[in-house]
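Bear in mind that the values in this text are calculations on the coordinates, not laboratory data. Keep in mind that this is a model prediction, so the values were computed, not measured. Heads up, the Cβs are rebuilt from the backbone with ideal geometry, glycines too, and the neighbour counts pull from every protein chain shown.
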Amino acid sequence: MTGVATVYDIRMARFPILESNWESCEPLTVGKPTPLPSGEPQEITVTGLEDRSRYFFAIRAADEVGNWSPVSNVATYAICEEGCQGIRGNFDSDLNEHVDVADLVKLVEYLFDGGYPPACQLEGNINGDPHEKVDISDLSFLVEYLFRPQGPAPPLCP
Ligand SMILES: [Ca+2]
Ligand SMILES: [Ca+2]
């Protein structure tokens, strides 16, 4: 909180970053800033991110004798260059555009367990409501589609 750190360790992952999975996150080295005094804004530009993906970023700092800070707050960023594809409902943004139980799991996590919205927001509005809301009516729509023979398919992407 005071002084100047000696070095940063900035990491990226496709999953939420925690102390426990820090070592499996990818270190960002290109353009990594040299620490400025505490409180000074700094930035790094990350390139080469893949479309239809959500990324997480966090940082740790160390002093001159190698005391590392805990993992920082975790920033997240989703890329959806191509937008919604095919029918809605590919909540987990899998590249095959399948709408299946994996999407149901992600939707339940998002609605009830602090999970993240889909990389492509429109994919989450599975029932295609005009307000583009993602809520429990999308959950019931998806359950009907997946488990009831007469359940209609999600509408096409706009
Ligand atoms: Ca999917
Ligand atoms: Ca909806």
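The angle between the Cα long axis of helix 101-112 and the main principal axis of the chain comes to about 70°, on a 0 to 90 degree scale.
Cα convex hull, the stretch 77-158: 90 Å³ per residue, rounded to a whole number. Taking the Cα atoms of the chain, the ratio Rg/Rh between the radius of gyration and the Kirkwood radius comes to 1.10.
Restricting the trypsin sites (Lys or Arg not before Pro) of the stretch 75-158 to loop positions (DSSP other than H, G, I, E, B) with no more than 15 neighbouring Cβ atoms within 10 Å leaves Lys133. Dipole size of the chain about its Cα centre, with +1 on Lys/Arg Cβ and -1 on Asp/Glu Cβ: approximately 80 debye, rounded to the nearest 20. Mean residue ellipticity, 222 nm, helices only, the chain: the sum of -39500 (n - 2.57) across DSSP H runs of n ≥ 4, divided by residue count and rounded to 500, is -5000 deg cm²/dmol.
Length gained on full extension, Ile136 to Val101: 11.0 nm, using 0.36 nm per residue less the C-alpha separation. By the beta carbon rule, with partners counted only under 4.7 Å, the chain holds these lone Cys residues: Cys25.
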